[in-house]
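K.L.:
Attaching a single structure in structure tokens format; questions to follow.
The values are calculated or read from the model by the stated rules, or taken from the named source; none is laboratory data. For clarity, every value in this text was computed on a predicted model and none was experimentally measured. Cβ: placed from backbone, ideal geometry, glycine included. Neighbour counts: every protein chain shown.
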Amino acid sequence: MKSRRSPQDWHHILGLCLTIAILSGSLVFLFLHYDVIPYSYSVERGYIDNFLKILLSIAAVVFSIVIGVLGYSLIFFRRKPGDKSEGSPVRGFAPLERAWTIIPLIIVIGLAIYGAVILDKITAPGPPQTEMEVDVLAFRYGWQFTYPQYNVTSYELNVPVNQRILIKLQSKDVVHSFWVKEWGPKQDAVPGITTQVRYTPTKIGQYTVQCSQLCGSGHTYMTAPAIVISTGDFQNWVKQQQIAKSTTTTTTAPSTATINLVAHNIMFDQNTITVSAGTDVTINFNNIDAQVPHNFALYSSGSATTGTATGSIFVGQIITGPSAVVYHFKAPATPGTYFFRCDVHPTMMTGTFVVK
Amino acid sequence: MKGIFSLSVVKGFLAGLAGTGIGMGVMMLIRAIMGMPAWKTGPVVVAGILTGVIAYLAGLGVFHYWFRWAVGDEAKEVDAPPVKGWRRYFNVDTNHKVIGIQYLVTALVFLPFAVALQLLGRLDLSKLIPAISASAYESVISTHGLIMFFFVVIPAFTGLMNYLIPLLIGARDMAFPRLNAISFWLLLPAALLVTFSLAAGGFDTGWTVYPPLSAAFENVGMDMVLLGIYIGGLATILGSINILATIIKMRAPGMTYFRLPIFVWSALATTAMTLVFTQFIAMSFLMVLFERLFGMGFFNPQMGGQVLLYQYMFWFYSHPAVYVFVLLGLGIISDIIPVFTSKPLFGYKTVALASPGIAAGGMIVFGHHMFAAGMPAVLRIPFMATTLLVAVPTGVKVFAWVATMWMGKIRLSTPFLFVVSAIVIFLLGGLTGIPLGIVPIDLYLHDTYWVVGHFHAMIFGGFLLPTMAAIYYWFPKVTGKMLSEKWGKIQWALLTLGTFLLIIPMLGLGVDGMRRRVISYSPGLNMQLLHTLTAVGGFLVFTGLVVLAYNLVISFKRGEIAGDNPWGGRTLEWMVSSPPPENNFSVIPEVLDRPHMHGVSGSIHARFGNNDNNHDQREQGG
């Protein structure tokens, strides 16, 4: 180890410090002023975003130090042609090695403590009266939302703005995950247990619940609208849902054989359709799935497992949602059990067409 | 043509086919006798696979020595290789150098295949080809992951360890040469099973195979994968025993632990982990297989099971596994930098101890894969603490590397260029891992492309780029020829640019909220450009691999003659000829000091003997 440094060494160390200062300064400036994660629309997102900015700034400084030394060395410490001598025989420098062990140790311990504090802020239960409970059932491939205090069930998540929501998650079949990215954290829905996550949305608008744990071939489209509205609008919505619940709807075919069929979340809303033999059938087909094509098609027989069908009786036009179309065809004259499906999703959207 | 049937691989393959048929037939017979329908895909195929693999091993000839010992025959202590030349690589050969090359070639064959699989997925997401079905997409990406882990990364590192460790420690072969051969040959059926699962309906679950989805998934591709990984895991465990015994017991005189190259320290830490933890992925996969075959309910809440049990078991292996995937790469970097800077490795002792430090820390962080999974909320805090702590020994290595370069005399040869790219990408990966270690931030970033970008940065920086450096550094020792520097630099440029283009857009996609494992995304999100850049990066990487293949072939035929020590390295392998003799060292060297002591006057790493009978007094370094 050298005991005396030559002026050239100080020259290099100064240049290095300058390089590191410029690099880290520009990166830190970038991270603190640029909206790194867009669409921050909840209290929880606020905490997450701020912490991430701090982390990125620390990362920028560490990155600059290492790249600074690396880059500087690659430029200024190259072997000159014809120089056969070896480099300086420095084997280590204990104070430096101690410093670059202890300082990162202190930093990561600090980050862990702060992480625990922020975690508590976004997950700690508030007083029960201040939280609105929404029970969420995840299934392949959709979401069902139940509001126990209003006795309302819906396929859309409507919540009032600035209200802390407690989501209690259950799964009917496999592991799913509830995530509205504008609101921040996600939480897996696990069969056999009930998991919880809390949000306080701060901006009115329409967002999307997206399943964030691979659950099968319908995973990509396992979504639901997440709508944040004013408190007044929310109360109106609740009243509407309660009224709608009390009127019964029927899907058995009246004498004119008109059927309302909905395609939502890669599923039909009915598995069985019954008509009388030979009648003129009208199907009002409503495709709610945005960007997803569906149709209704009737066959003599078919299988959801293999995705095949034979003996086509009627093949409806394929429409891309959100849109609706009206199909007209004549039901088979021979009574029996027939097979209907969506030709685009032949293994996931099928049903039985009973002709009496 | 007749000679081809003397090759183990051909005999093994044919025996394996016959065994599979017999196993399937026997299972069908048993089912018919028991009154069930003879054919059911799951049980029949699994029975066929099990008997097929055993028949394949028997056909290869790996049981030959033990069988003769068991029946009391006089057996030779060390088998002479029955064939010569290129045929050795298609045979059961016990020489560690042959086995090392077998592993490396296997890895280099599966690497472009797995990359190509994923390129299909990338093209789909960039909307540059007509959309493929969801099931096909999920199968492709899941297979990409598993093939990369078990048939590219692990064999490549095992191959390097096999070839280099005896040479680096002054031994003539590994501790258990026959066991070594079996470990390699077990890999092939495992690789074939996972690859051909694609033809059997694939598996829709991601490489993590979570139940209940994996238990319910219908196609037999799932069973093939479960068994394939089980067999591959067995190969890894057997290999670890061998490597650990070799390093602990067969070092040359004077080769104390603190005179080992960092590659060997990394090998110690890596194999200690694979020995202890691989069982857990084997167990978790086996339990899923039993759910599928026998209707057992380990993870089925309706039968008293727990879904999360699988995740705990699976990640208990799969987290240490990722350190297995990078530790050796970090060791390669540590051993290459001194050679091309002509300086000793800065802080050798701390770097050496950092390897088991990372391994030890890596054992207790696995819960960070489950922060959103529904485990008891307060358990997440200790896992956050341990995850952040393991960054400290990792950081020590990175700082030591650049400190070694400072005031060195740097040669920008291809191995060193790859090391530089590796350091930058690995650092980027490590820094993007810190947000993932912090629970509230992970709850946003989990299952997004930020995670995908992070781990690809770690793997490119900790495995792919260092392995390229290793290939360019040790090819002269293995073959006696130098790889072309010109094509090496072209490959380096393609791989480095491709890596950055691949990874940085993924980080951007992650913060924008792009979920993993989805087959499309809403056009309104403006993600198509980032997906396209990622795809371009992937193609550049693939092109780099093609250039590597070209360089390997032309240099093998017409490369410049290397000599014993073309790079001026100061470790034991450069004391023997290139390629090394069959038994490495005719005289075992005596080790006098640490490796890589460039510029330290009076330091000699090792020499060949000092008594008067041995006139060949060669020294390494000084």
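K.L.:
Is at least one residue of the stretch B:338-346 in a helix (DSSP H, G or I), closer than 21 Å to B:A216 by Cα and not hydrophobic (A, V, I, L, M, F, W, C)? Let's see the steps before the verdict.
P.N.:
Going through the stretch B:338-346, the residues in a helix (DSSP H, G or I) turn out to be B:338-341.
Checking the rest, the ones that are also closer than 21 Å to B:A216 by Cα come to none.
No, that holds for no residue.
K.L.:
Which residues, counting only those in the stretch A:147-194, are in contact with a strand residue (DSSP E or B) (Cβ under 6 Å, 6 or more places away or on another chain), in contact (Cβ under 8 Å) with a residue 24 or more places away in the chain and among the polar types (S, T, N, Q)?
P.N.:
A:T153, A:S154, A:N158, A:Q163, A:Q170, A:S171, A:S177, A:T194
K.L.:
Further question on the same structure: Can you name every residue in the stretch A:190-201 that is within 8 Å of another protein chain (Cβ to nearest Cβ) and touching a Ser or Thr at 6+ places or on another chain (Cβ under 7 Å)?
P.N.:
Step one: filter the stretch A:190-201 for residues within 8 Å of another protein chain (Cβ to nearest Cβ), giving A:190-193, A:195.
Of everything in the stretch A:190-201, those that are within 8 Å of another protein chain (Cβ to nearest Cβ) and touching a Ser or Thr at 6+ places or on another chain (Cβ under 7 Å) turn out to be A:V190, A:P191.
K.L.:
Another question, then. Within the stretch B:381-458, which helices (runs of 4 or more DSSP H) (wholly inside it) include 2 or more residues that are small (G, A, S) and facing chain A (nearest Cβ under 7 Å)? Break it down stepwise before answering.
P.N.:
Details: elements: B:391-405, B:414-437, B:439-445.
Filter on the stretch B:381-458 gives B:391-405.
K.L.:
Among the helices (runs of 4 or more DSSP H) contained in the stretch B:85-187, which hold 1 or more residues that are more than 19 Å from B:A549 (Cβ to Cβ) and modelled with pLDDT under 90? Walk me through it before giving the result.
P.N.:
Numbers: elements: B:96-125, B:134-148, B:154-169.
The qualifying helices (runs of 4 or more DSSP H) are B:96-125, B:134-148.
K.L.:
Select the strands (runs of 3 or more DSSP E) contained entirely in the stretch A:66-174, then report the ones holding at least 3 residues which are more than 9 Å from every other protein chain (Cβ to nearest Cβ), surrounded by fewer than 17 Cβ atoms within 10 Å (Cβ to Cβ) and within 34 Å of the chain's Cα centre (by Cα).
P.N.:
Numbers: elements: A:131-139, A:142-147, A:152-154, A:157-160, A:164-171.
Passing ranges, in order: A:131-139.
K.L.:
May I pose another question? Which residue, of B:G488, B:G480, B:G462, is on the phi > 0 side of the Ramachandran plot and more than 14 Å from chain A (Cβ to nearest Cβ)? Walk me through how you get there before you give the answer.
P.N.:
Values: B:G488 fails: on the phi > 0 side of the Ramachandran plot; B:G462 fails: on the phi > 0 side of the Ramachandran plot.
Of B:G488, B:G480, B:G462, the one residue that is on the phi > 0 side of the Ramachandran plot and more than 14 Å from chain A (Cβ to nearest Cβ) is B:G480.
K.L.:
Right, next: Can you find even one residue in the stretch B:570-587 that is over 29 Å from B:D93 (Cα atoms) and touching a helix residue (DSSP H, G or I) at 6+ places or on another chain (Cβ under 8 Å)?
P.N.:
Yes: one or more hits.
K.L.:
In the stretch B:363-389, how many are surrounded by 19 or more Cβ atoms within 10 Å (Cβ to Cβ) and touching a Ser or Thr at 6+ places or on another chain (Cβ under 9 Å)?
P.N.:
Within the stretch B:363-389, residues that are surrounded by 19 or more Cβ atoms within 10 Å (Cβ to Cβ) and touching a Ser or Thr at 6+ places or on another chain (Cβ under 9 Å) number 8.
K.L.:
OK, next. Being in contact with a His (Cβ under 9 Å, 6 or more places away or on another chain) and assigned to a helix (DSSP H, G or I) narrows it down to one of B:F285, B:F258, B:F263, B:F277, so name that one.
P.N.:
Details: B:F285 fails: in contact with a His (Cβ under 9 Å, 6 or more places away or on another chain); B:F258 fails: in contact with a His (Cβ under 9 Å, 6 or more places away or on another chain); B:F263 fails: in contact with a His (Cβ under 9 Å, 6 or more places away or on another chain).
Going through B:F285, B:F258, B:F263, B:F277 in turn, the sole match is B:F277.
K.L.:
So, of the residues in the stretch B:517-541 that are within 10 Å of another protein chain (Cβ to nearest Cβ) and buried (at least 20 other Cβ atoms within 10 Å of the Cβ), which turns out to be nearest to B:F426 (Cα to Cα)?
P.N.:
Per the stated criteria, the residue is B:R517.
K.L.:
Out of B:Y312, B:Y257, which single residue is of a type in the set (S, T, Y) and either on the phi > 0 side of the Ramachandran plot or within 14 Å of chain A (Cβ to nearest Cβ) (or both)? Give the steps one after another, and end with the answer.
P.N.:
Details: B:Y257 fails: either on the phi > 0 side of the Ramachandran plot or within 14 Å of chain A (Cβ to nearest Cβ) (or both).
Going through B:Y312, B:Y257 in turn, the sole match is B:Y312.
K.L.:
Out of the residues in the stretch A:191-216 that are crowded, with 23+ Cβ neighbours inside 10 Å and more than 25 Å from A:Y47 (Cβ to Cβ), which is nearest to the chain's Cα centre (by Cα)?
P.N.:
Filtering the stretch A:191-216 for residues that are crowded, with 23+ Cβ neighbours inside 10 Å and more than 25 Å from A:Y47 (Cβ to Cβ), the one nearest to the chain's Cα centre (by Cα) comes out as A:L214.
K.L.:
Working only within the stretch B:573-602, note down all residues that are buried (at least 19 other Cβ atoms within 10 Å of the Cβ) and hydroxyl-bearing (S, T, Y).
P.N.:
Scanning the stretch B:573-602 gives a single hit, B:S578.
K.L.:
Looking at the stretch B:362-378, which of its residues are in contact with a helix residue (DSSP H, G or I) (Cβ under 6 Å, 6 or more places away or on another chain) and assigned to a helix (DSSP H, G or I)?
P.N.:
Hits for the stretch B:362-378 are B:G362, B:F366, B:G367, B:H368, B:H369.
K.L.:
Could you say which residue among B:R558, B:R570, B:R618 is among the charged types (D, E, K, R), crowded, with 18+ Cβ neighbours inside 10 Å and modelled with pLDDT under 95?
P.N.:
Working: B:R558 fails: crowded, with 18+ Cβ neighbours inside 10 Å; B:R618 fails: crowded, with 18+ Cβ neighbours inside 10 Å.
That would be B:R570, the only listed residue that is among the charged types (D, E, K, R), crowded, with 18+ Cβ neighbours inside 10 Å and modelled with pLDDT under 95.
K.L.:
If I ask for residues that are free of Cβ contacts under 8 Å to residues at least 40 places away in the same chain, assigned to a helix (DSSP H, G or I) and within 14 Å of chain A (Cβ to nearest Cβ), which ones from the stretch B:192-243 would you list?
P.N.:
Of everything in the stretch B:192-243, those that are free of Cβ contacts under 8 Å to residues at least 40 places away in the same chain, assigned to a helix (DSSP H, G or I) and within 14 Å of chain A (Cβ to nearest Cβ) turn out to be B:L213, B:A216.
K.L.:
Then there's this: Quick one: is A:G46 under 27 Å from the mean Cα position of the chain (by Cα), modelled with pLDDT of 90 or more and in the same structural domain as A:Y114 (by TED's automatic domain parsing)? So that I can check it myself, show each step before the final result.
P.N.:
On the way: under 27 Å from the mean Cα position of the chain (by Cα): yes; modelled with pLDDT of 90 or more: yes; in the same structural domain as A:Y114 (by TED's automatic domain parsing): yes.
Criteria met by A:G46.
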